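One structure is given below, encoded as structure tokens.
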Ligand SMILES: Nc1ncnc2c1ncn2[C@@H]1O[C@H](COP(=O)(O)OP(=O)(O)OP(=O)(O)O)[C@@H](O)[C@H]1O
Ligand SMILES: [Mg+2]
């Protein structure tokens with residue numbers, strides 16, 4: 001287990017996180033307003049970048065002082081080569097990236113308005129292989145924690161089962177996806193952190209607090225939580241009568257794209273470093289807030305600065321029953 005902040009710089013052992021799932025090219029267009037269709041809008045800016053939940057999380061792990069292995073899949077095409085290159089340039093170990101002949105690499109159109117709010121259209125690629133049996137599962141032996149998103153469910157299931165067999169802590173980014181995929185993966189992870197829509201799909205017709213309680217009944221989970229943007233994160237551990245809220249750090253958002261991905265990467269790194277659940281939620285909230293503020297993933301020094309300035313550490317607020 002790595003111990004951040006203890007020992008001399010050169011002796012610090014990095015916590016390793018294996019991140020499994022989506023990598024896409026994000027084509028980001030900045031506009032004043034997203035017009036309702038039919039419409040024609042001139043972008044104020046455009047930039048391509050690496051995106052995808054697990055890929056953004058892996059980059060966050062590295063920026064925040066950990067080490068990341070990325071396991072995912074792309075086509076052996078120009079976009080796939082570029083994504084591999086960018087991941088490696090970020091310091092992520094991308095040797096577990098499957099590049100499939102004849103497949104097409106996923107991409108997203110990301111439209112960001114002047115309030116920093118984003119709308120995303122994702123093309124999930126074509127002919128990407130589903131069989132995860134070539135993944136280097138033995139490398140979980142190096143890891144302090146595992147993070148999976150739901151975009152390669154076969155790989156996530158295999159990795160979660162292998163992690164559980166080893167007693168390795170694991171987290172799921174329970175983003176919007178097919179209900180059957182969420183039902184398949186939620187019971188297999190130790191820490192399940194939903195996006196708002198993910199929780200609605202997993203537990204339709206239930207208030208969020210009860211949706212989290214339902215998630216906790218599906219397996220030996222240590223935490224079920226849901227991120228709510230600038231409203232913070234509602235979370236619940238077994239034995240808690242109610243959900244609690246971890247408030248967001250107040251920032252002026254310029255681009256909220258990837259805040260959730262960075263949150264999940266930071267949370268899993270914190271767990272790999274041995275932080276407790278509440279501490280990890282605070283750490284992850286700071287990382288998500290900085291990403292939303294700057295549109296860039298923060299480094300560890302920036303995050304520590306925000307945490308150090310947060311003298312107003314509210315006690316855990318227990319939410320009243322509606
Ligand atoms: N505008 C914001 N201000 C402060 N913190 C934010 C803001 N947006 C996000 N965060 C932090 O990041 C966390 C995750 O954000 P959010 O709930 O928007 O994720 P998401 O819906 O999964 O989005 P995505 O996956 O596109 O990044 C929040 O719980 C919060 O802690
Ligand atoms: Mg998300």
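Once you have a ≥ b ≥ c as the square roots of the Cα gyration tensor eigenvalues for region 212-264, tell me rounded if a/c is under 1.5, and otherwise prolate or oblate according to whether a/b is larger than b/c. Taking the square roots of the gyration eigenvalues as a ≥ b ≥ c, region 212-264 is prolate. An ellipsoid equivalent to the chain, defined through the eigenvalues of its Cα gyration tensor, has semi-axes of 26, 24, 21 Å when rounded to whole angstrom and sorted largest first.
Among 129, 187, 150, the largest mean-square fluctuation in a Gaussian network model of the chain, built with springs joining Cα atoms closer than 10 Å, belongs to 129.
Per-residue ellipticity at 222 nm, computed for the chain from helices alone with -39500 (n - 2.57) per DSSP H run of at least four residues, works out to -10000 deg cm²/dmol.
Tell me the relative contact order for the chain as a rounded percent, counting alpha carbon contacts under 8 Å between residues six or more apart.
Details: 754 pairs, mean separation 54.8, N = 322.
Relative contact order comes out at 17 percent.
Mean sequence separation of contacting Cα pairs (under 8 Å, at least six apart), scaled by the length of region 40-156, corresponds to a relative contact order of 21 percent. Label region 91-237 by shape, choosing from rounded, prolate and oblate, from the square roots a ≥ b ≥ c of the eigenvalues of the Cα gyration tensor; if a/c is under 1.5 it is rounded, and otherwise prolate applies when a/b is larger than b/c, oblate when it is not. Oblate is the answer for region 91-237, as a/c is 1.5 or above yet b/c matches or exceeds a/b.
Only beta bridges with both residues in region 183-322 are counted; by DSSP, about 65 percent of them are antiparallel. In terms of its C-alpha gyration tensor, region 12-120 comes out oblate, because a/c is 1.5 or above while a/b does not outweigh b/c. Sorted fewest first by neighbouring Cβ atoms within 10 angstrom, 53, 240 come out as 240, 53.
Counting neighbouring beta carbons within 10 Å and listing from fewest to most, the residues 237, 19 come out as 237, 19.
When each of 228, 87 is scored by the number of other beta-carbon atoms lying within 10 Å, the sequence from fewest to most is 228, 87.
If you average the sequence gap of Cα pairs under 8 Å that are 6 or more apart and divide by the length of region 200-322, what percent do you get for the contact order?
Worked out over region 200-322, it gives 21 percent.
FYI, it's all coordinate maths here, none of it is from the lab. Because the structure is a prediction, the values reported are computed rather than measured. All Cβ positions, even for glycine, are placed from backbone atoms using ideal geometry, and neighbour counts span all protein chains on display.
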